[in-house]
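Heads up, the thing below is written out as structure tokens.
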Amino acid sequence: MSSSSPFVGVLSLQGDVREHAAALERLGVATTRVRRPEELAAVDALVLPGGESTTIARLARTFELLEPLRARIRAGLPVLGTCAGMILLADRVLDGAPGQETFGGIDMTVRRNAFGRQVDSFEGPVRVEGLAEPVHGVFIRAPWVEEVGPHVQVLARIDHDSTAGAAAGRIVAVRQGNLVATSFHPEVGEDSRVHGLFVDLVRGS
């Protein structure tokens with residue numbers, strides 16, 4: 001990998017694949033869709049998009065990607081997981097579907113669909129560590145982080161003055177090593193700053 005030109009894959013089994021690719025391409029980053037083990041092996045980093053975590057995990061097993069993904073994450077592959085992607089990076093999941101599988105890697109407990117049903121989706125400002133100004137957070141059937149291990153850095157919480165109500169103060173973005181996860185959808189809209197933080201991490205890894 002060239003330090004200035006990482007090759008970033010977007011897991012393309014289900015979810016907001018095109019939007020994440022567009023956000024990365026606005027930053028001048030070369031991207032590819034990842035559906036097969038050989039495509040995974042070719043990338044310097046990976047994005048796990050929002051969607052349905054149980055469906056993505058099931059399709060990853062069907063496409064023989066589940067174990068290769070787990071192995072590359074253990075080996076240090078930089079990964080950004082958003083919404084469902086956050087669930088997939090969690091070591092522990094509450095309110096998961098029966099037989100829920102994850103890729104793991106972040107020492108955290110995530111509550112699936114913590115913010116409620118689709119009708120409970122909301123938007124609001126999120127202050128993310130490393131960014132001078134808040135980002136516009138879009139929360140759609142989003143998880144939140146119940147607890148983190150000692151090596152997990154909290155990057156963002158829901159503001160107490162946001163529209164989240166009782167969810168105020170909940171953890172919605174974390175980092176552990178080369179793994180970053182957000183409850184919200186940073187790919188929605190034209191703001192690529194969260195992706196920019198991830199690309200900087202990839203370049204420094």
note = With label points set 7 Å from each Cα along the Cα-to-Cβ direction at ALA71 and SER5, the distance between them in nm comes to 2.9
ask   = For the chain, with every protein chain kept in place, what is the accessible area per residue (1.4 Å probe, Å²)?
value = 44
inquiry  = Tell me the carbon and sulfur percent of the accessible area for the stretch 120-162, rounded to whole percent, probe radius 1.4 Å.
reply    = 48
key: Shape parameters for the chain, alpha-carbon atoms, Rg then Dmax in Å   = 15.4, 46
request  = Report the antiparallel proportion of the DSSP beta bridges in the stretch 43-191 as a percent, rounded to a multiple of 5.
outcome  = 60
query = About the Cα centre of the stretch 21-70, what is the dipole size in debye to 20, counting +1 per Lys and Arg Cβ and -1 per Asp and Glu Cβ, all else neutral?
reply = 140
message = Amide H of GLY169 versus every other amide H placed in the peptide plane: which residues, excluding those fewer than 5 positions away on the same chain, fall under 5 Å?
response = ILE158, ASP159, HIS160
note = the stretch 51-139 -> Rg/Rh from Cα coords, Kirkwood Rh, value 1.00
ask   = So, counting K/R as plus one and D/E as minus one, what does the shell of residues with Cβ under 15 Å around GLY105 add up to?
value = +1
inquiry  = So for the stretch 1-76, averaging the separation of alpha carbon pairs under 8 Å that are six or more residues apart and normalising by length, what relative contact order in percent results?
reply    = 36
ask   = Carbon and sulfur together cover what percent of the accessible area of the stretch 1-117 at a 1.4 Å probe radius?
value = 46
key: Inter-centroid distance (Cα atoms) of the stretch 14-31 relative to the stretch 46-98, Å   = 18
task = Show that you can apply the helix-only estimate: for the chain, add -39,500 (n - 2.57) for every DSSP H stretch of four or more residues, divide by all residues, and state [θ] at 222 nm to the nearest 500.
result = -7000 deg cm²/dmol
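The values are calculated or read from the model by the stated rules, or taken from the named source; none is laboratory data. Computed from a predicted model, the values in this text were never measured in an experiment. Glycine gets a Cβ as well: all are built from the backbone with ideal geometry, and neighbour counts include every protein chain shown. SASA here: full protein model, heavy atoms, side chains in, ligands and nucleic acids out. Shrake-Rupley method; radii C 1.70, N 1.55, O 1.52, S 1.80 Å.
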